[in-house]
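The values are calculated or read from the model by the stated rules, or taken from the named source; none is laboratory data. If you're wondering where the values come from, they're calculated on a predicted model, not measured in any experiment. Here Cβ is always computed from backbone atoms with ideal geometry, including for glycine, and neighbour counts include all displayed protein chains.
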Amino acid sequence: MEIILYKTSKKTNSTKIPDGGVTLNSVTLKNGCNILKPVFMLSSDDNYFKDTITEIGFQDKYYFVTDIKSVRNNLWEISCEIDVLATYKAEIIANKCLVEFDETTNTTIVDSRLPIKSTVSRSGNIVSMRDIMREGGTYLLGVTGKGSVDTFAFTNIETINAILDSVNDWADGLYASLDPADIPGIVDAIVVTGKQMVTQGNAINNIRSCIWIPWAITNGVAVKNVTLGNYETGYTGYSITRRTVDHVYRVKIPWRFSDWRNKSPYTSIYLYIPFVGYIHYSSDELIGIDSLTIQFSIDRVTGAISAVVKTGEYIIGTYGGNSGIAIPIGSSNINASQTVGSIVGAGTALVMGNWLGGASLVGSALTSMATPLSTTIGSFGNGSGATQPEAIACYVYTHDIPDLPNSYAPIIGTPTYKVKELSTLAGFVKTGNASVSVNGATFTEINMINGLLNGGVYIE
């Protein structure tokens, strides 16, 4: 019988068909062998055996050479095993299978087989809000006046101090110049005081609130006299006529990758909104989104803020907080100017610190921003939000894999999970639950083929 001897290089799980072999005729089959693992007895003095013979062709089948023995001079025993992938290549690749992995470029399906590096990379985009802030902030004085309730905006604390001091000056002046013998004058002073207390309460009790906010107030106001009940302070201020204002900001998401590594757990996204805190978003929900839109609303009476976060026209979150510092003023503390100055002064220094330049007063806030380990959402009450940076920021935290995804493709493929005809593919292919139809193959050979396909083969 006739066989062909091949010296070729191929993977054991490859469909490559050997070529360039040497044909020999002086061959017999050893007794007791089978077609899957034949043993050939070869008489030859050819030097072909000095080099390794890797494969044999016999009766339209290909066999891996597993062992070569010299029986005696010029007599060789060659043990073989069927190479089903080469033998039935044409029939195999004509089948359609569920292809789990191949060398097709994949950008969307996560390859969970690959390890995740423990190191973290960070990137961020920052959008300043200084366009709506004022150096030194704004002071809001809520009062009950003659027939109205007003909130006045002042750009300096001195005016509020002067208004508070004027109440003392008025009370002191009302009686200071009276002659103890001037009974009618004393009675008139008592009447004036009593009338003021009966109609509107004492002056200081008509101060409803005093709040400091970091925002500038340049519109939606009307100039009015400041009155505390019936008491004319002699000062004018900007009474707020438009309570809420909206500002829209857009911050880009600093995506690091252009493939499935933008998904979790490889990528995490944090949005920072002043006076709200850090908000964590699943990167899976934001795939394909370039930026986030923040509609920032300010209540110019209370200092409360709200933020609506959108992707296009879709709302993905609504949040609230408070940007104001409440300043205690009451009837027992008419001389509250020192309290106002101390509280507001501290808040001003913190809020208006240059966070981009790393001002020392906001250093701790910046440090925490660099490593947001958890989501923080909710109100910063009682002025605690004054220490927060005055910018919207979007941060992306990533854990990469050891190498680029496509670098693994020639070795283990990339995720596909599509039904494909194998003839359309080349290189590494791994199927799932393969059940091929192969004419001429035995039951054992078909099982071998299915097992190889499900373990991964190279179509060559």
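Listed here are the strands (runs of 3 or more DSSP E) enclosed by region 1-63 that have at least 2 residues being free of Cβ contacts under 8 Å to residues at least 24 places away in the same chain: 22-24.
Looking at region 413-460, which of the residues that are on the phi > 0 side of the Ramachandran plot and part of a loop (DSSP other than H, G, I, E, B) is surrounded by the most Cβ atoms within 10 Å (Cβ to Cβ)? Show your work before the answer.
Let us first name the residues in region 413-460 that are on the phi > 0 side of the Ramachandran plot, namely 413, 417, 427, 433, 440, 456.
Still in the running and part of a loop (DSSP other than H, G, I, E, B): 413, 433, 440, 456.
Numbers: GLY413: 24, ASN433: 10, GLY440: 10, GLY456: 17.
The qualifying residue surrounded by the most Cβ atoms within 10 Å (Cβ to Cβ) is GLY413.
Residues that are out of contact with any strand residue (DSSP E or B) (no Cβ under 6 Å at 6 or more places or on another chain), closer than 18 Å to ALA304 by Cα and part of a strand (DSSP E or B) within region 235-289 comprise just one, GLY277.
For (1) charged (D, E, K, R); (2) in contact with a strand residue (DSSP E or B) (Cβ under 7 Å, 6 or more places away or on another chain), each residue gets a yes or a no:
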{"residue": "SER26", "(1), (2)": "no, yes"}
{"residue": "CYS33", "(1), (2)": "no, yes"}
{"residue": "LYS37", "(1), (2)": "yes, yes"}
{"residue": "THR54", "(1), (2)": "no, yes"}
{"residue": "ARG72", "(1), (2)": "yes, no"}
{"residue": "TRP76", "(1), (2)": "no, yes"}
{"residue": "GLU91", "(1), (2)": "yes, no"}
{"residue": "LYS96", "(1), (2)": "yes, yes"}
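Could you tell me which of the residues LYS96, LYS69, LYS89 is surrounded by fewer than 18 Cβ atoms within 10 Å (Cβ to Cβ), on the phi < 0 side of the Ramachandran plot and at pLDDT 90 or above?
Values: LYS69 fails: at pLDDT 90 or above; LYS89 fails: surrounded by fewer than 18 Cβ atoms within 10 Å (Cβ to Cβ).
Within the list LYS96, LYS69, LYS89, the selection yields LYS96.
Counted as qualifying within region 114-157 are the strands (runs of 3 or more DSSP E) with 3 or more residues that are within 39 Å of the chain's Cα centre (by Cα) and surrounded by 15 or more Cβ atoms within 10 Å (Cβ to Cβ), namely 121-128, 133-144. With SER297, SER306, SER283 as the choices, which residue is in the same structural domain as ILE392 (by TED's automatic domain parsing), crowded, with 21+ Cβ neighbours inside 10 Å, modelled with pLDDT of 90 or more and of a type in the set (Gly, Ala, Ser)? Selected residue: SER283, the only one of SER297, SER306, SER283 that is in the same structural domain as ILE392 (by TED's automatic domain parsing), crowded, with 21+ Cβ neighbours inside 10 Å, modelled with pLDDT of 90 or more and of a type in the set (Gly, Ala, Ser). Would you call SER268 modelled with pLDDT of 95 or more, surrounded by fewer than 20 Cβ atoms within 10 Å (Cβ to Cβ) and among the small types (Gly, Ala, Ser)? Spelling it out, SER268 is indeed modelled with pLDDT of 95 or more, surrounded by fewer than 20 Cβ atoms within 10 Å (Cβ to Cβ) and among the small types (Gly, Ala, Ser).
Screening SER258 with (1) surrounded by 13 or more Cβ atoms within 10 Å (Cβ to Cβ); (2) over 18 Å from THR138 (Cα atoms); (3) modelled with pLDDT of 85 or more; (4) not β-branched (Val, Ile, Thr) gives one miss only, at (1).
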